[in-house]
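Everything below concerns the one structure shown next.
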Amino acid sequence: MEPMDLGGLLTVDTKRAATLNQGDADAARIALFLAYARDNAQLLGLTDAFGNEPIDVAHAGKLAVRVADGLGMDERAFGKYVETIAAKDLKRALASEGINPGVLEVTGDPDLDGRVSRALDLLEDIGSDRAHQTFLSEAILAASVLLGARDGRPIHSVCDPTCGHGGLLVRLDRAAGGAWPVVSATDTDAASVAITSMRLLADVYRGGFEHVRQADALVVGSVPGVGFDAVLCEAPHGSAKREAARTEVDPRILDGMDGRKWVKGDVEGLSLLRAADLLAEGGTAVVITATGDSYALPQVGLRQRLVEDGLVEACIEIPRRLPYSWQTGLTMWVLSRRGVNGTLLAVLDGDGFQAECPDFYSSLDSLESSSRWLADLVTSRREVPFMSTVVSREKILETPGSPLRFSGYATSIDVAGRLREGPNADEIAARHAEVLAGLAAAEKELDETFSRVVHPSR
């Protein structure tokens, strides 16, 4: 049986990594976790967990649980995760020369010490388990918006109540320059909790793992800690997540909404309520939802409740143009307990947006600058013709069940006034001529095509 090439994975060789199937990817994660813990046992306080003998596949599962317990992680989640990994896959991963003793020891060299973290990132980017994957572009945007919305105020505690594989938390830490706050993270899936814990460890998080647990975030009291400075999460989506979601919500979350039973399609809206419920005074939340689900009819009452409480600071629609994004596009909700007056509604598409930030969707390489631009839009609350507007809470509540979409309030924009600040007469005339020339060329092409069909050459 040929050993797995973890050396190639550690050098972030995308071509080699892409050959890993889901079973190989899970085995690689556990092998990297054990090797990293072994090589840094003294630093992590795990000197009693490892001996001098090689890590044997027959004992790897129990060893992973023991190491997780020693680090304060959710050992039950690790136990469930390891049980899903085939022994043959784990044996191939543990036999790799890429994780020989001493190879992963922390040296103080950022490039060397970041190899495991980058390898775990790569396993997410090429993984076939797309139900849990948090896409790179969305994670970077969400983290940057959250940091921008904080407006320079420090984040001492952060929560991701639906953590998936930890992508949002890891990217938030990197965007913040590695200044880790206290982290709380939950997920209903054991594998997700284990993988999040491994990624936090490899990213040099040393704040304690007692708050990273397998739990249902929609249950009051399930999330360790309360009153967070920041909440960052991706609302559960997809049929598998909805099947696992609660259909009856704890009345303490809804607080007087008649104990109504919400259908499974309400999970996105309930995630918004839960995120707001977890915030401390002055706290900020960024929640990513699928656009198609965010404006479904069952969400009306939940959105109305958030608006009534003055919690919706911004609602930004992002169509399906980001690399690897959801098929329906996404919506970023910025919730806060900062007493901001009115809600910024924006759609990142169309002529107004194209004039404002034409390179936003150009490539993954531009995401950093795109993130800064989006964060500035939220904090400055800029109104841009045909792209964004700020609507008062009173105006939104005038229409019960408002969809909180820019298109629903576009008529309230002073278009004439805004255009006075836009293109001058010469620019408008040039654009007009360009459009007419394009129409003339299209008409000529149509005539030529028609002639060829009706009067074919003999």
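Annotations
- Mean projection of the Cα convex hull over all viewing directions, computed for the range 6-126: 7.0 nm².
- Packing-based ranking of 335-343, 143-151 yields 143-151, 335-343, ordered from highest to lowest mean Cβ neighbour count within 10 Å.
- Order of D277, D187, D24, D74 - criterion: other Cβ atoms within 10 Å of each residue's Cβ, fewest first: D277, D24, D74, D187
- Mean sequence separation of contacting Cα pairs (under 8 Å, at least six apart), scaled by the length of the range 6-126, corresponds to a relative contact order of 43 percent.
- As a proxy for reagent exposure, L345, L63, L112 were ordered by neighbouring Cβ count within 10 angstrom, fewest first; the result is L112, L63, L345.
- Order of T291, T162 under a 10 Å beta carbon neighbour criterion, fewest first: T291, T162
FYI, it's all coordinate maths here, none of it is from the lab. Because the structure is predicted, anything quoted here is derived from the model rather than measured. Virtual Cβ from ideal backbone geometry, glycine too; neighbours counted across all protein chains shown.
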